[in-house]
Ligand code: PMP
């Protein structure tokens, strides 16, 4: 290729050029095939080049792609809003549309703060979040994120929000049952609220399954039920960040559905449009919308591309496709098989400390020593090595390494399109196994692994 003027994630590295995709496969311009083992960035949930979505995209573009939300609504956006109200639990009936997960979580942050202002409680403006969490890259979203690597350079610009520990079953203290551990972690929220003062706290935000910082960490049953109780007790809104877990990824429509918990807001992105166009959303309860409607009547959020008809038509086609092909049920079924195969790798391979997941959102954690669970130093970049080796072999895997140095090992996420078949999962596993074995051998030669 001629000289590139595009800023890429790793400067100086050569990236292959994408040519096309179909289903779970991607092809570069050299003709190399890749299994999309992580749906890009846990995004392409229904697979690549689905005709129904392409047709919906074309049909909408032929009519009108963009009409500004302050002037018009559109048929596509109204239908999508109604569909999300149908899918979402409780009274989460109102959706504010944006274009990225970061915009969705930052919109939730702003709506939470505005809600308490409208109720005459302007001091309730701080958001509690968790270490080992990722809610986005914009400053507001990053202020709520415990992604140590991404925060590092910007700490002086970030809000000094309180953070609590998220449940991490693989590393729970000895002698505690899973249930006790989950409750102890949830109770940290109460301690944090009391320390800061309930009159200062607007909301608590959490990913139902921890994604980008720790690799599909599933909380113990009971954790989110207790979180809901604590939020209710202290008048704190609960925001479920479902940017990664939403729209069937974990085998239910939303991650929180596994525990029957109804948040006050849900944020969506990624799988919502399956990557066909940028699309994300903040779903809000009736109570919040009524309060704002009866107060100022104006939502202080929004972007140029919010609620554009083109992205709405695509997202609607994606949700219809998920329903028509029962992809939520498939995510649960095939995800269980994927997890079983990953657990086999964890039993067989010394490098793999843990295999975990929910539905089609699974992760592997790499450790120096399986008995002691000793993590690698982040500078070893073990997950980076596995990802590079898998890429070489034609398998895409997503990194999950923003955890806390010395506390968490490094992890990868396996989250293929929800359409993947059993045979294709076997194909994925054999490439993954070969990649891990190759890195493992390299580490054994350097005596870096126990
Ligand atoms: N929240 C969660 C849970 C995420 O996983 C991500 C993306 N990894 C975001 C927010 C940010 O989304 P985006 O990159 O689209 O801004």
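Taking residue 265 as the residue in question, decide whether it is assigned by TED's automatic domain parsing to the domain that holds residue 223 and in contact with a strand residue (DSSP E or B) (Cβ under 6 Å, 6 or more places away or on another chain). Yes; evaluated as a whole, the condition is true for this residue.
Is it the case, given these coordinates, that residue 141 is within 16 Å of the ligand (Cβ to nearest atom), within 28 Å of residue 382 (Cβ to Cβ), touching a helix residue (DSSP H, G or I) at 6+ places or on another chain (Cβ under 9 Å) and at pLDDT below 95? So residue 141 fails the test. The residues listed here are 78, 52; of these, the one that is at pLDDT 95 or above, within 24 Å of residue 417 (Cβ to Cβ) and assigned to a helix (DSSP H, G or I) is 52. Taken over region 88-117, the residue count meeting the criterion of being away from the ligand (no atom under 16 Å from the Cβ) and outside any helix (DSSP H, G or I) is 8.
Among residues of region 20-45 that are free of Cβ contacts under 8 Å to residues at least 12 places away in the same chain, those with a Cβ under 6 angstrom from a residue that is away from the ligand (no atom under 16 Å from the Cβ), sequence gap 6+ or separate chain, pair up as 27/19; 27/20; 27/33.
Of the residues making up region 62-70, at least one is more than 16 Å from the ligand (Cβ to nearest atom) and part of a helix (DSSP H, G or I). Filter region 244-256 down to the residues that are under 28 Å from residue 126 (Cβ atoms) and either away from the ligand (no atom under 16 Å from the Cβ) or in contact (Cβ under 8 Å) with a residue 60 or more places away in the chain (or both) and list them by number. Across region 244-256, the qualifying residues are 244, 245, 254, 255, 256. Take the conditions (1) within 21 Å of residue 240 (Cα to Cα); (2) within 20 Å of the chain's Cα centre (by Cα); residue 182 misses just one of them, which is (2). The criterion of at least 2 residues that are farther than 30 Å from residue 374 by Cβ is met by the following helices (runs of 4 or more DSSP H) wholly inside region 118-222: 139-143, 178-196. The number of residues in region 261-297 being away from the ligand (no atom under 16 Å from the Cβ), in contact with a helix residue (DSSP H, G or I) (Cβ under 9 Å, 6 or more places away or on another chain) and within 15 Å of residue 87 (Cβ to Cβ) comes to 2. Residues in region 234-243 include none that are buried (at least 24 other Cβ atoms within 10 Å of the Cβ), within 13 Å of the ligand (Cβ to nearest atom) and over 21 Å from residue 96 (Cβ atoms). Return a yes/no flag: does region 345-360 have any residue that is in a helix (DSSP H, G or I), closer than 16 Å to residue 410 by Cβ, modelled with pLDDT of 95 or more and in contact with a strand residue (DSSP E or B) (Cβ under 6 Å, 6 or more places away or on another chain). Within region 345-360 (the criterion being in a helix (DSSP H, G or I), closer than 16 Å to residue 410 by Cβ, modelled with pLDDT of 95 or more and in contact with a strand residue (DSSP E or B) (Cβ under 6 Å, 6 or more places away or on another chain)), the answer is yes, since at least one residue qualifies.
In region 194-203 there is at least one residue that is within 16 Å of the ligand (Cβ to nearest atom) and surrounded by 24 or more Cβ atoms within 10 Å (Cβ to Cβ).
Candidates in region 25-49 are the residues that are touching a strand residue (DSSP E or B) at 6+ places or on another chain (Cβ under 6 Å) and assigned to a loop (DSSP other than H, G, I, E, B); of these, the one that is surrounded by the most Cβ atoms within 10 Å (Cβ to Cβ) is 37.
Scanning region 408-447 for residues that are modelled with pLDDT under 95, in a loop (DSSP other than H, G, I, E, B) and surrounded by 14 or more Cβ atoms within 10 Å (Cβ to Cβ) returns 408, 409.
The values are calculated or read from the model by the stated rules, or taken from the named source; none is laboratory data. Because the structure is a prediction, the values reported are computed rather than measured. All Cβ positions, glycine included, derive from the backbone under ideal geometry; neighbour counts span all protein chains shown.
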